[in-house]
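No value in this document is a laboratory result; all are computed from the given coordinates. The shown structure was predicted, so the numbers you read here are calculated from the model rather than taken from an experiment. A quick note on method: Cβ atoms are made from the backbone with ideal geometry, for glycine too, and the neighbour counts reach across all protein chains shown.
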Amino acid sequence: MASLEEIRQARLAKLQKLKEHGVNPYPAKVPRDFSISELKKNFEAKSAQGSPVSVAGRVMALRGQGAILFVVLFDGTARIQAIIKKDVLSQEKFSLFVDTVDVSDFVSVTGKAILSERGEQSVLASSWLMATKSLLPLPEKWHGLQDYEAKFRHRYLDILFNPDVRDILEKKALFWNAVREFHTKHGFLEVETPVLEITTGGADAAPFETHHNALDLDVYLRISAGELWQKRLMVAGIPKTFEIGRIFRNEGMSPEHLQDYSQCEAYWAYANYEDMYKFLKECYCYVAEKTFGTLKFNINGFDIDLGGEWPIIDYTEVIQKETGMDIGKASNMDIEKKLDELGVEYEANNRGRIIDSLWKYCRKKIVGPAILVNEPKITSPLSKSSPKNPLITERFHFVIAGSEVGQGYSELNDPIDQRERFVEQEKLREAGDSEAQMADYDFVESLEHGMPPTAGHGFSERLFSFLINRPIRETQIFPLMKPQEERKKENYTVIAVVNSGAGLEPWQIMNTVAHLAAAFGARTKKKLFKFDGIKTKDNKNIKLNIQHAIMLKKAGSSEEIWKLSDTAQERGLEIAHFTREMIETTNDNKVAEQTKSKNYKDIDFLGLLIFGPKSEVDELTKDLELL
């Protein structure tokens, strides 16, 4: 079997032959009277007329020998057979076709619309032209390909060969068109707001950062579809606005989350969150019917009926029912203990985050569709407080199949309250919470000019991925991929170095390595995974182990380790330390106090972990023996 490069070289020779015959292999236009689907729809009439027709498309199959060839053409609308006969074409044109045309080329054929001997709609070619000469073949066996990465990297082939993927692409267009129709017909004005922002707003998320050369200004890609800008339009006297656009969040990937995706947000003056969830419920039903022709779906194993009841459920009551925790009374320590019992990951010492982590655990059991209300103020920095209870907000979430697929607020329009909440968010950012909201005091100033009572909503393409019951990455046409060259370069390794001269007992060695690995994982986070999780056949999620095995080596002394540490840091490698103080006490304050009383070279280093490109880490530790 010929290699891909041999095939390419053979096709380059055919390309040269076309040129030698005066044929442009890449013309700007070729004869084409109709799309193939149009011709097939009116085939009987065109056949009866007997006049020539011209169609063009990609060669998907080519068979025959001698004086006749049968060619299957596909133009994106339908397929049709073209018949190439020596006694109809001239000898020269027939021979040129045989000698230069391959499967995957694009050709134009002109001739009579006829039925073949087998009764198949066909075009008997009286002439042909090369529309595009391909240099690479189409794959012989694309169907059944299990390598997800290959399918995404060659998405154009996936769409060409897989009708299900093409259906996703077409239905997604219907989905967003229906969203746009619904808002427009209810009097909402479509707007466009900035994608580059000096401060991000409208969500709790880590942003992407970039630099604006012309203004010499560091800016962020937006994390919401213009929430604070659309509210400024409420101040400006425009009563209903919406935007459908891309947003960007520099966070992890999962079957429900990506870093760049489309979102719709809308704002409605003189309405509250109850008006908005009634409106949005109607919107979801309209969009589902327009896109899929039904209101009944199976999503992640749950049977969902959007046309049925949407019960109102209470945030605090759901958590108390599922976990026994009253979040209004429980201390941070109580909540963290419960999260530990449930095996839920969380960010310690951040009350808003740990409450949200508890809720995310509880929501997994909610079939929906349901409307969640009464979320605490601490997790809703942009939402108006309830007049019944200042500690909860007028905010709702739509919950379907155990996940949130839309939300909305009675928007906060008290500038004093908003300023205070921004101050609290700034404190969280200063304490290390990169997802806490940035303070936008220009926005506060706009509120001081007066914003009418306003409700807002937001939902993303996650809703579409849920309705079509596919992981969100599969519903994007071209999901972001690492370049193959970069992937080949990125061969990383992890080595933990233990101080063999410290007289450590086996349990202390294990303790040292465990703490180094934990610190490494906490700092490096998602860089450790190709994928955060994988799905079983029955749609259960398994969290993956890290892709880098930890090799264990030994150094003879603490001095060797701190010298190794200095060199690793100079080279920009990720490191983690473990010292004698860390094994003698679990009190972080005591460790800090004892460490502060010593010089760096007086610290008794028990272990060091190094992570980075394999060539660099191996070279740095080449003289160390395996433990």
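Pairs Lys364/Lys388; Lys281/Lys365; Lys93/Lys151; Lys41/Lys296: which exceed 30 Å Cα-Cα? Provide the component values of the computation, followed by the final result.
Values: Lys364/Lys388 28 Å; Lys281/Lys365 21 Å; Lys93/Lys151 37 Å; Lys41/Lys296 33 Å.
Among Lys364/Lys388; Lys281/Lys365; Lys93/Lys151; Lys41/Lys296, the Cα-Cα distance tops 30 Å for Lys93/Lys151; Lys41/Lys296.
Over what distance in Å are the Cα centres of the stretch 561-592 and the stretch 44-113 separated?
Centre-to-centre distance over Cα atoms comes out at 72 Å.
Apply the Karplus curve 6.51 cos²θ - 1.76 cosθ + 1.60, θ = phi - 60°, to the phi angles in the stretch 364-381 and return the couplings in whole Hz, x for Gly and Pro.
My calculation for the stretch 364-381 gives 4, 8, 8, 6, x, x, 9, 10, 8, 10, 6, 6, x, 4, 5, 9, 9, x Hz in order.
Going through the DSSP H helices of the chain, which span 30 Å or more along their own axis at the Cα atoms while scoring at least -1.0 as a mean Kyte-Doolittle hydropathy?
163-185
Which Cα, out of Val107, Ser47, Ser95, lies furthest along the positive dipole direction of the stretch 4-132 (beta carbon charges, K/R +1, D/E -1)?
Ser47
Run the numbers on the chain and let me know its relative contact order in percent, using alpha-carbon pairs under 8 Å that are six or more apart.
Working: 1097 pairs, mean separation 60.0, N = 627.
After rounding, I find 10 percent.
If I take every Cα pair under 8 Å that is 6 or more residues apart in the stretch 4-132, average their sequence separation and divide by the length, what percent do I get for the relative contact order?
Answer for the stretch 4-132 is 28 percent.
About its Cα centre, how strong a charge dipole does the chain have in debye, to the nearest 20, once Lys and Arg get +1 and Asp and Glu get -1 at the Cβ?
With Lys and Arg at +1 and Asp and Glu at -1, about 2640 debye.
Out of Gly202, Leu228, Thr294, whose Cα points farthest toward the positive end of the dipole of the chain (charges: +1 Lys, Arg; -1 Asp, Glu; placed on Cβ)?
Positive-end residue among those listed: Thr294.
In debye, nearest 20: dipole of the stretch 33-72 around its Cα centre with unit charges on the Cβ of K, R (+) and D, E (-)?
140
Which length gain, in nm to one decimal place, applies between Ile416 and Leu4 when the Cα-Cα distance is subtracted from 0.36 nm times their residue separation?
Separation in residues times 0.36 nm, less the Cα-Cα distance, equals 141.6 nm.
Taking the Cα centre of the stretch 387-490 as the origin, how large is its charge dipole in debye, to the nearest 20, when only Lys and Arg (+1) and Asp and Glu (-1) carry charge on their Cβ atoms?
Rounded to the nearest 20 debye, it is 740 debye.
Separation between the His212 and Met510 pseudo-spin-labels, each 7 Å from Cα along Cα→Cβ, expressed in nm?
5.7
Sort the following peptides by mean Cβ neighbour count (other Cβ atoms within 10 Å, averaged over residues), highest first: 325-337, 555-567.
Sorting 325-337, 555-567 by mean packing, highest first, produces 555-567, 325-337.
Please report the spacing between the Cα centers of the stretch 358-389 and the stretch 318-356 in Å, no decimals.
14
Find which of Gly368, Ala439, Gly352 sits farthest along the positive direction of the dipole of the chain, computed with +1 on the beta-carbon of Lys and Arg, -1 on that of Asp and Glu, about the Cα centre.
Highest projection toward the positive end goes to Gly368.
What's the FRET efficiency of His186 with Ser254 using the Cβ-Cβ distance as r and R₀ = 45 Å, to the nearest 0.05? Kindly include the intermediate steps, with their values, before the conclusion.
Details: r = 33 Å, r/R0 = 0.73.
My answer for the efficiency is 0.85.
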